[in-house]
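Visitor: I am attaching a structure below and will ask some questions about it afterwards.
The values are calculated or read from the model by the stated rules, or taken from the named source; none is laboratory data. Computed from a prediction, not measured in an experiment: that's the story for all the values here. Heads up, the Cβs are rebuilt from the backbone with ideal geometry, glycines too, and the neighbour counts pull from every protein chain shown.
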Amino acid sequence: MILCIDTTQKEKLEVRIYDSRREQSDMISVPFFCNESELLLKTIDDILKKNTLQKPQGIIVVKGATGRFSRIRLGVTITNALGFAWDVPVFGILQNEEIESAVHTISESAGFEAPVIPVYDKEPNVI
């Protein structure tokens with residue numbers, strides 16, 4: 001099973017599970033407005049428990065190109081931390097359309113090799 005994390009959407013986060021046939025088998029979509037890191041971790045925990053998984057075979061994160069700076073950073077950071085802790089491969093994609101090829105690539109990998117690097121479409125607006 002592959003875990004897919006998308007924090008780039010404006011008003012929600014999505015966490016999906018893909019099965020061994022590379023088909024989406026479950027998804028949790030949650031409104032995203034505050035306490036984002038806690039919400040993301042709880043959603044990941046919920047979907048893993050719901051599908052009786054201790055850890056996935058790999059993690060895919062939508063790493064950006066569009067979306068808010070802090071949410072892209074959040075998704076990528078949690079993906080890299082979980083990938084390292086679970087020793088599973090991580091894979092970053094720019095858009096949801098790339099998920100199918102990412103699922104195929106990650107299912108052939110073995111263990112955490114390198115972190116995902118975020119992609120931002122503009123400089124952060126931090127005051």
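Visitor: Residues that are over 11 Å from the mean Cα position of the chain (by Cα) and modelled with pLDDT of 85 or more, at least 2 per element: which strands (runs of 3 or more DSSP E) completely within region 4-104 meet that?
Guide: Because the criterion is at least 2 residues that are over 11 Å from the mean Cα position of the chain (by Cα) and modelled with pLDDT of 85 or more, the strands (runs of 3 or more DSSP E) in region 4-104 that meet it are 12-18, 24-31.
Visitor: Could you say whether any residue in region 67-83 is buried (at least 18 other Cβ atoms within 10 Å of the Cβ) and basic (Lys, Arg)?
Guide: Yes, region 67-83 contains at least one residue that is buried (at least 18 other Cβ atoms within 10 Å of the Cβ) and basic (Lys, Arg).
Visitor: Looking at (1) touching a residue at least 60 places away in the same chain (Cβ under 8 Å); (2) over 22 Å from Glu113 (Cα atoms), which is the one condition that is false for Asp26?
Guide: (1)
Visitor: Something else: Test each condition in (1) over 15 Å from Val103 (Cα atoms); (2) surrounded by 11 or more Cβ atoms within 10 Å (Cβ to Cβ) for Arg16 and report the one that comes out false.
Guide: (1)
Visitor: Could you list, in sequence order, the residues of region 51-77 that are at negative phi and among the polar types (S, T, N, Q)?
Guide: Of everything in region 51-77, those that are at negative phi and among the polar types (S, T, N, Q) turn out to be Asn51, Gln54, Gln57, Thr66, Ser70, Thr77.
Visitor: Continuing with the same structure: For the condition out of contact with any strand residue (DSSP E or B) (no Cβ under 7 Å at 6 or more places or on another chain), farther than 25 Å from Ala114 by Cα and among the hydroxyl-bearing types (Ser, Thr, Tyr), what is the one hit in Thr52, Thr66?
Guide: The conditions single out Thr52.
Visitor: A further question follows. Among the residues of region 106-122, how many are more than 18 Å from Gln9 (Cα to Cα), of a type outside the set (A, V, I, L, M, F, W, C) and modelled with pLDDT of 70 or more?
Guide: 3
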